[in-house]
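Engineer: Dropping a structure here in structure tokens format, bear with me for questions.
The values are calculated or read from the model by the stated rules, or taken from the named source; none is laboratory data. In this text the structure is predicted, and so the values were computed from the model without any measurement. All Cβ positions, even for glycine, are placed from backbone atoms using ideal geometry, and neighbour counts span all protein chains on display.
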Amino acid sequence: MHVVIMGCGRVGSGLALELEAAGHTVAIIDQNRESFRRLGPNFNGRTVAGVGFDRDTLLEAGIAEAHAFAAVSNGDNSNILAARVARETYGVENVVARIYDAGRAEIYQRLGIPTVATVLWTTDQILRRLVPEGSRSEWRDASGLIQLCEVHLEASWYGRPASLIEELTPARLAFITRLGEGLIPDDKTVLQEGDLVHVMVTEKDLAQVDATLAQTPEGH
């Protein structure tokens, strides 16, 4: 798929290189051409000098055919503005914005723009929001038979009890990351849009868990 990144700092350049290594096409935007040096000589994606929320700049970066957009510049306002343009003007489905002010991150989440506060930032969290399909292994036991995985939920799971995951799959719910903070769910926990869900599952059951969570609970 094609991903557009705004901001070629350490995080933006790292995301670009990881996404390209995973087989995706990447365009990265930055106002400072010198920033593109962080990508190294082997980067094959597009580099676009300009303002990341400018429509001509976004079009040059291929926003019209993009499947994902990450706004990871140094400015909160620029990031949220660019993310909203990508989502609302160009209909990009997977959008995430980097926010320095953690107190504002929740507000932007409610506007429909997934955010990651800088103090809680990890490249894996951003990649997960950009490329959400399937599971992402985070830990394996010594035998390799049991995994801790972050799983992707079909949208209709949100608003349902978290315990439904254990009722309909052989996985065990380990914890949820919500607005950058971890929580251990109980029988009253309800899944919310933007939750990152982590489960314990055996290797042999992983495909079944992915398949169940990729459809509506009623479809199981």
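Engineer: Output the residues belonging to the range 1-60 that are crowded, with 23+ Cβ neighbours inside 10 Å, touching a residue at least 60 places away in the same chain (Cβ under 8 Å) and touching a Phe, Trp or Tyr at 6+ places or on another chain (Cβ under 9 Å).
Structural biologist: V3, V4, I5, M6
Engineer: From the list L164, L173, L179, L145, which one is closer than 19 Å to D205 by Cβ, crowded, with 16+ Cβ neighbours inside 10 Å and aliphatic (A, V, I, L, M)?
Structural biologist: Only one candidate passes the filter, namely L173.
Engineer: Among all residue pairs at least 6 apart or on different chains, which show Cβ distances below 6 Å where the first residue, located in the range 189-215, is farther than 15 Å from L164 by Cβ and modelled with pLDDT under 90 and the second is surrounded by 15 or more Cβ atoms within 10 Å (Cβ to Cβ) and among the β-branched types (V, I, T)?
Structural biologist: Listed by first residue and then by second, the contacts come to L196/T177.
Engineer: Output the strands (runs of 3 or more DSSP E) that fall wholly within the range 134-186 and possess 3 or more residues being free of Cβ contacts under 8 Å to residues at least 24 places away in the same chain, or say none.
Structural biologist: The qualifying strands (runs of 3 or more DSSP E) are 136-140, 172-178.
Engineer: Same structure, new question: When you look at D124, is it closer than 21 Å to N94 by Cα, in contact with a Lys or Arg (Cβ under 9 Å, 6 or more places away or on another chain) and either at pLDDT below 90 or of a type outside the set (A, V, I, L, M) (or both), yes or no?
Structural biologist: In short, yes.
Engineer: A further question follows. Could you tell me whether any residue of the range 65-75 is touching a Phe, Trp or Tyr at 6+ places or on another chain (Cβ under 9 Å) and free of Cβ contacts under 8 Å to residues at least 12 places away in the same chain?
Structural biologist: yes
Engineer: Identify all residues within the range 154-194 that are in contact with a Pro (Cβ under 9 Å, 6 or more places away or on another chain), closer than 17 Å to P217 by Cα and among the small types (G, A, S); write none if there are none.
Structural biologist: S156, A162, S163
Engineer: Still on this model: Can you name the residue in the range 32-79 that is touching a strand residue (DSSP E or B) at 6+ places or on another chain (Cβ under 8 Å) and among the acidic types (D, E) and, of all such residues, is nearest to P114 (Cα to Cα)?
Structural biologist: Among residues in the range 32-79 that are touching a strand residue (DSSP E or B) at 6+ places or on another chain (Cβ under 8 Å) and among the acidic types (D, E), the one nearest to P114 (Cα to Cα) is D76.
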